[in-house]
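Rule-based calculations on the coordinates, nothing more; no lab input. Worth saying up front: this structure is predicted, and the values here are computed from it rather than measured. No Cβ is skipped: glycine too gets one built from the backbone with ideal geometry, and neighbour counts run over all protein chains shown.
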Amino acid sequence: MKAIRFDHYGEPAKVLTVQECPLPEPRKGEVRVRILATPVNPSDLLFVRGLEDTGVQPHFPSPVGFEGVGIVDALGPQVDGPVPGQRVVVINWNGGNWAEYAVVPVRDALPVPDDLPDEKVASFFINPATAILMLRHVLAIPQGYSNQQPAPNWDA
């Protein structure tokens, strides 16, 4: 399978490469998912640069991609569901969703309704948190602010 990985920290355009990797096999309590869509989040790029404290220490060559959507492809031992063929949101705390397949603990593969588009499901978890952090810490918009109040003075 093809996967995007990096061998050392650096600018993503310079260090990310497409590599041919063995198809991962799920172990006890894990599922393998065929990835359909995965976003490029600021946290992914900061991770590649070595600037994001995600709690994940890469083991080079390191996989990339913390969230996405896919179809369950295989179950490891002692996994009852989701069932193969089911579409799930994939939270990959170790990175690895920028690949054709990813293996994650079953608790991190959450079934999603069929009527939600892949591109929305792929961005359910990390992108909203990024937006909240930007609003609170970068733009410094106070909690409880509404558009009925005067805008904060960011130049002060």
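The table that follows gives values for the structure above.
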| item | result |
| --- | --- |
| Ordering of 62-71, 28-37, 107-116 by packing [mean C-beta count within 10 Å, highest first] | 62-71, 28-37, 107-116 |
| Rg and Dmax of the range 2-138, Cα atoms only, in Å | 14.8, 44 |
| Radius ratio Rg over Rh of the range 14-92, counting only Cα atoms, Kirkwood formula for Rh | 1.00 |
